[in-house]
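Quick notes on the structure that follows.
The values are calculated or read from the model by the stated rules, or taken from the named source; none is laboratory data. Keep in mind that what you see is a predicted model, and the values were worked out from it rather than measured. Note that we place each Cβ from the backbone using ideal geometry, even for glycine, and neighbour counts take in every protein chain shown.
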Amino acid sequence: MDQPHRNQGYPLQLLYSPERIQTEIARLAKEINASYEGRELLVIVVLKGALFFAADLLRLVTVPVRMDLVKLSSYAGTESCGTVRLTKDLEFEVAGKDVLVVEDIVDTGLTLVYLLDLLKQRGAGTLRVCTLIDKTERRQAEVTADFVGFHCQGGFLVGYGLDLDERMRELPAIYQMIQDHDGEI
Ligand code: PRP
């Protein structure tokens, strides 16, 4: 196992290397290409976290894609406040379209449930989800992703789009934050 190291004062343990991330992304792209052969996809990227993942994934997707961005927020520090807010709406109509939501992580599931409900209300034709990480430990809403990069139990993750108070998104790998003896990060 790689040695823990510190970034911006926080102790981190490597969880997924850049190479592992790219291997899983290549597999996901293959699955998506096979599932949507002959169709056009409307990809909805959930800002900000999914930005890095979507950029790498979509470059390997060979079916035609239109991309839209939505911004949803529910976190302060490491805690979800439980209320999801739509802070940037979509540009495109989703009615009748083959919609694929791209997320970096499904954690409590509250963000995804909120977005899926919204897209259903707006009449999405087909609706599926691709997430880089499916983390189940804190799941509150019953929701499953159709395309999953990594299944992960728990921990607070940073890097490759995932942040702690807007920091460390730019790290090329994904790290687990190590807790101190009080259980605090
Ligand atoms: C993160 C992440 C997901 C969501 C998952 O977004 O990008 O969208 O939390 O958590 P949940 O399953 O518990 O709802 P966040 O609200 O932190 O905004 P960000 O993408 O801008 O970091």
Item to complete: Starting from the stretch 45-61, keep only residues that are farther than 20 Å from S74 by Cα and assigned to a loop (DSSP other than H, G, I, E, B), then list their pairs with residues that are aliphatic (A, V, I, L, M) and more than 14 Å from the ligand (Cβ to nearest atom) whose Cβ atoms are within a distance under 7 Å, requiring at least 6 positions of separation or different chains.
Response: L60/I25; L60/A26; L60/A29; V61/A29; V61/I32
Discussion item. Can you pull out every residue in the stretch 136-155 that is under 14 Å from the mean Cα position of the chain (by Cα) and more than 11 Å from the ligand (Cβ to nearest atom)?
Written reply: T144, D146, F147, V148, G149, F150, H151, C152
Fill in: Only listed residue being surrounded by 13 or more Cβ atoms within 10 Å (Cβ to Cβ) and more than 27 Å from F156 (Cβ to Cβ), chosen from L57, L41, L14, L28
L41
Practice prompt. Within the stretch 153-172, track down each residue that is touching a residue at least 60 places away in the same chain (Cβ under 8 Å), part of a loop (DSSP other than H, G, I, E, B) and not hydrophobic (A, V, I, L, M, F, W, C).
Written response: G155, Y160, G161, D163, D165, R169, P172
Response to the item:
Restricting the stretch 127-162 to residues that are acidic (D, E) and modelled with pLDDT of 95 or more, the one nearest to A173 (Cα to Cα) turns out to be D134
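Can you name every residue in the stretch 96-111 that is near the ligand (Cβ under 6 Å from one of its atoms) and either among the β-branched types (V, I, T) or in contact (Cβ under 8 Å) with a residue 40 or more places away in the chain (or both)?
E103, D104, I105, V106, T108, T111
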Item to complete: Might you check whether a residue that is touching a Ser or Thr at 6+ places or on another chain (Cβ under 9 Å), of a type outside the set (D, E) and near the ligand (Cβ under 10 Å from one of its atoms) occurs anywhere in the stretch 23-39?
Response: no
Worksheet entry | Qualifying position, being within 16 Å of the ligand (Cβ to nearest atom), outside any loop (DSSP other than H, G, I, E, B) and of a type outside the set (F, W, Y), among L86, L42 | L86
Worksheet item: Which condition does Y175 not pass, out of (1) more than 10 Å from the ligand (Cβ to nearest atom); (2) assigned to a loop (DSSP other than H, G, I, E, B), if it passes all the others?
Response: (2)
Worksheet entry | Candidate set from the stretch 124-176 (those that are of a type in the set (D, E) and under 18 Å from Q8 (Cβ atoms)); member that is surrounded by the fewest Cβ atoms within 10 Å (Cβ to Cβ) | E166
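Any idea which of R169, R128, R122 is away from the ligand (no atom under 14 Å from the Cβ), in contact with a helix residue (DSSP H, G or I) (Cβ under 9 Å, 6 or more places away or on another chain) and basic (K, R)?
R128
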Discussion item. Of everything in the stretch 118-138, what is within 25 Å of A29 (Cα to Cα) and among the charged types (D, E, K, R)? Give them in sequence order.
Written reply: K120, R128, D134, K135
